[in-house]
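Novice: So that we are looking at the same thing, I have put the structure below in structure tokens.
The values are calculated or read from the model by the stated rules, or taken from the named source; none is laboratory data. This is a predicted model, so every value here is computed, not measured. Because the Cβ atoms are built from the backbone with ideal geometry, glycine has one as well, and the counts that use them run over all protein chains shown. To get the accessible areas, we keep the full protein, side chains included, count just its heavy atoms, and leave off ligands, DNA and RNA. Shrake-Rupley method; radii C 1.70, N 1.55, O 1.52, S 1.80 Å.
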Amino acid sequence: MTSATKAKFKSLDAYKNAQGSFRFLPFKFIKLDNERYILTNIAGEFIVLDKFDFNKIRDRSLEMDSDLYHKLKSKHFIYDDSSTVAIDLLALKYRTKQSFLDGFTGLHMFVVTLRCDHSCPYCQVSRQNEDTEKFDMSEEDALKALLFTFKSPSPLIKIEFQGGESLLNFKLIQFIVLKAKEMNQSIGKQIQFVIATNLSPVNDEILDFCDEHEILISTSLDGPEFLHNKNRPKAGNDSYQRAIAGINFVKSKLGPDKVSALMTTSLESLKYPREIIDEYISQGFNAIFLRSLSPYGFAIKTKSFDMYNTDAWLDFYKTSLAYIIEINKNGYFFVEQYTALILQKMLTPFATGFVDLQSPSGIGISAIVFNYDGDVYASDESRMLAEMEDKSFRLGNLKENSYQEIITADILVDALQNTILEGVPMCSDCAFLPYCGSDPIYHAATQGDMIGHKAKSGFCKKNMGVFKHIIKLLEDDLEAREVMMRWIRV
Amino acid sequence: MTDYLIQVDVSLFDAEVVKQVLYKFADQASFNLKDNQGILDIEVIPKDPVVFDFNQLKSVILDEIIDQDLRKTISQETNDLRNLIIAKAFASADLQ
């Protein structure tokens, strides 16, 4: 062998042995169960190890020619002198994961009226008589809200009309859509409009306008007739019939992809996971979002901690997910959207833009709410609190405050500072940090403190349960893994 | 002093590590810590004595102290790297 060859190639021994010569990259870990650990790196890539292998990390007895060594190295949990690109690669992946911060506020919710034709017991927003127009947003405030909206640096602006029942003030929706388009002619942002409605007041005039301006419809469907009508009492007890008729009407006029449905999980809903999913399938939907119970009413009244229903909801979630996976295995493509969002966080380098699982919290910086009276809130949940006399998260008023004053309001800046998970007790060393987020409104409502004690937090318990369940399915159930992999959109 | 006592040798485990672990179990018990000549005495006061299982909680806490100690080691060893990765991620320099 020539000396030149020696200079090019190290001997095989150079790649073997050398126990302990590797170095850790930043990673966190947590027990998956009694036998296994989950390790996550700074970019959210994860690996599951049994105790035997984990202890090799603990006591640094990894052998450099072992599969485990190469696995940990390739997934950026360790590095050695033979690889110097890990840090640059991790930086790039981390940057991509944090890209949701780039655009700033994208979702702008306009509460065009508090009037509603329903009297749902779980509704957090004070319902008002349909004919009480003092609870409608004025054109003056709507214009100010639009000026505010277009000050956002985000290239993609989503304007969502909320209520009450938003269609009871359809004239203002028309006004806002037309004005937004007019104002955007010189600005050139990408705008999307969504009307959140129970579809009860929908008619040809409304849908013609939606068709002309490519407005999407987001409605509510809580499950089969008995459950939907129980959740959503209305004079005539016909909420379900109107919702289904409305969904079919929208599909026929605008197309099936222009309407989506959201469910609210009431305590009653927890008994009927299969029935709810079957209802969504029978209405032709290909997705459901299993939302957890909203704690606000309960928590506000009692000021108690919020663990009261987390176990029941987790059981509901697991049962529902198992059923949905079976449906997919039988050939019907149907997505559980909360799981799909988390899978995207776990298995892709991309950010999701999902406000509820962001660090810092997405309030204000990802979504903002203009209430009917011109008040500006950091999130939909913030205005729900406000309707219960807690205006802690009111950022200002369109008539009184500038964009700068509202977006730099002390309460918002404090909330953002306090919801960076790297600085939150328990979250800072939690392996699920790359997947999780912070909900200051939830914790303020349930614990009287926007950070909250995570050992007592239903938000933490719920998401820890969901993360572990998804990882167990990915690791232990090959068929479930194949189904869930098809849910990831990139 | 209650009947429920956990002892940790602080020459082996940092008191900060122990406190971080105890914080995680604040939903199950309150903890009163006393320095006992190099041994940390942890008096455990259950939140709900009816369902409280001391031996089970003690076992979990002791396991978690070992894990938390490793977390501290990894965090200390990788802190500079973490800062470097984040700085590179948000630097204007082209990483590609």
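Novice: Within region A:180-280, considering only helices (runs of 4 or more DSSP H) that don't extend past its boundaries, which have at least 3 residues that are touching an Asp or Glu at 6+ places or on another chain (Cβ under 9 Å)?
Specialist: A:225-231, A:239-254
Novice: Pairs only if they're at least six apart or on different chains, beta carbon under 6 angstrom, first in region A:110-127 and more than 19 Å from A:GLY236 (Cα to Cα) and assigned by TED's automatic domain parsing to the domain that holds A:PHE150, second modelled with pLDDT of 65 or more and assigned to a strand (DSSP E or B); list them, first residue then second.
Specialist: The qualifying pairs are A:PHE110/A:PHE161; A:PHE110/A:PHE370; A:VAL111/A:GLN162; A:VAL112/A:PHE161; A:THR113/A:ASP136.
Novice: Go through region A:366-379 residue by residue and tally those that are touching a Leu at 6+ places or on another chain (Cβ under 7 Å) and in a loop (DSSP other than H, G, I, E, B). Step through it out loud before you land on a result.
Specialist: Restricting attention to region A:366-379, the residues satisfying the condition of being touching a Leu at 6+ places or on another chain (Cβ under 7 Å) are A:366-367, A:370, A:372, A:374, A:376-378.
Cutting the leftovers down to in a loop (DSSP other than H, G, I, E, B) gives us A:366, A:372, A:374, A:378.
The qualifying residues number 4.
Novice: Identify the residue in region B:82-93 that is more than 9 Å from every other protein chain (Cβ to nearest Cβ) and outside any helix (DSSP H, G or I) and, among all such residues, is surrounded by the fewest Cβ atoms within 10 Å (Cβ to Cβ).
Specialist: Here the answer is B:SER92.
Novice: Using the structure shown, decide if A:LEU478 is away from every other protein chain (no Cβ under 14 Å) and farther than 23 Å from A:LEU39 by Cα.
Specialist: Here the answer is no, as A:LEU478 does not meet what is asked.
Novice: Sticking with this one: Test each condition in (1) more than 10 Å from chain A (Cβ to nearest Cβ); (2) open to solvent by 60 Å² or more (accessible area, probe 1.4 Å); (3) more than 15 Å from the chain's Cα centre (by Cα) for B:LYS58 and report the one that comes out false.
Specialist: Failed condition: (3).
Novice: Here is a list of conditions, (1) within 14 Å of chain B (Cβ to nearest Cβ); (2) open to solvent by less than 30 Å² (accessible area, probe 1.4 Å), and A:GLY423 meets all of them except one; can you say which number that is?
Specialist: (2)
Novice: Just name the residue that is modelled with the lowest pLDDT out of those in region A:275-306 that are more than 15 Å from A:ILE247 (Cα to Cα) and surrounded by fewer than 15 Cβ atoms within 10 Å (Cβ to Cβ).
Specialist: Ranking the qualifying residues of region A:275-306, first place goes to A:SER304.
Novice: Also, quick follow-up: Name every residue in region A:437-458 that is buried (at least 22 other Cβ atoms within 10 Å of the Cβ) and either in contact (Cβ under 8 Å) with a residue 60 or more places away in the chain or among the β-branched types (Val, Ile, Thr) (or both), in order of residue number.
Specialist: A:SER438, A:ASP439, A:PRO440, A:ILE441, A:TYR442, A:ALA445, A:THR446, A:SER457, A:GLY458
Novice: If you check A:MET464 against the conditions, is it part of a helix (DSSP H, G or I) and of a type in the set (A, V, I, L, M, F, W, C)?
Specialist: Yes; evaluated as a whole, the condition is true for this residue.
Novice: Regarding B:PHE31, is this residue more than 10 Å from every other protein chain (Cβ to nearest Cβ) and touching a Lys or Arg at 6+ places or on another chain (Cβ under 9 Å)?
Specialist: When the stated conditions are applied, B:PHE31 passes them.
Novice: Scanning region A:21-40 for residues that are polar (S, T, N, Q) and within 13 Å of another protein chain (Cβ to nearest Cβ), which turns out surrounded by the fewest Cβ atoms within 10 Å (Cβ to Cβ)? Walk me through how you get there before you give the answer.
Specialist: Keep residues of region A:21-40 that are polar (S, T, N, Q), which gives A:21, A:34, A:40.
Checking the rest, the ones that are also within 13 Å of another protein chain (Cβ to nearest Cβ) come to A:34, A:40.
Numbers: A:ASN34: 7, A:THR40: 25.
Residue satisfying both the conditions and the ranking: A:ASN34.
Novice: Here's a follow-up. Take the residues of region B:61-81 that are open to solvent by 50 Å² or more (accessible area, probe 1.4 Å) and within 21 Å of the chain's Cα centre (by Cα): which is nearest to the other protein chains (Cβ to nearest Cβ)?
Specialist: B:GLU77
Novice: Could you list, ordered by first residue, the pairs with Cβ atoms under 9 Å in which the first is in region B:71-93 and farther than 17 Å from A:HIS76 by Cα and the second is open to solvent by less than 40 Å² (accessible area, probe 1.4 Å) and at pLDDT below 90, at least 6 apart or interchain?
Specialist: Pairs found: B:PHE90/A:GLN98.
Novice: Does B:PHE31 qualify as being part of a loop (DSSP other than H, G, I, E, B), touching a residue at least 12 places away in the same chain (Cβ under 8 Å) and farther than 16 Å from A:SER428 by Cα?
Specialist: no
Novice: While we're on this one: Restricting to region A:41-51, what's the tally of residues that are within 12 Å of chain B (Cβ to nearest Cβ) and buried (at least 19 other Cβ atoms within 10 Å of the Cβ)?
Specialist: 3
Novice: Identify the residue in region B:17-27 that is open to solvent by 20 Å² or more (accessible area, probe 1.4 Å), touching a residue at least 12 places away in the same chain (Cβ under 8 Å) and in contact with a helix residue (DSSP H, G or I) (Cβ under 9 Å, 6 or more places away or on another chain) and, among all such residues, is nearest to B:SER59 (Cα to Cα). Outline the logic, then answer.
Specialist: Initial filter on region B:17-27 (open to solvent by 20 Å² or more (accessible area, probe 1.4 Å)): B:19-20, B:23-25, B:27.
Add one more test, that the residue is touching a residue at least 12 places away in the same chain (Cβ under 8 Å), and what stays is B:19-20, B:24-25, B:27.
Still in the list and also in contact with a helix residue (DSSP H, G or I) (Cβ under 9 Å, 6 or more places away or on another chain): B:20, B:24-25, B:27.
Working: B:GLN20: 16, B:LYS24: 14, B:PHE25: 12, B:ASP27: 16 Å.
Filtering region B:17-27 for residues that are open to solvent by 20 Å² or more (accessible area, probe 1.4 Å), touching a residue at least 12 places away in the same chain (Cβ under 8 Å) and in contact with a helix residue (DSSP H, G or I) (Cβ under 9 Å, 6 or more places away or on another chain), the one nearest to B:SER59 (Cα to Cα) comes out as B:PHE25.
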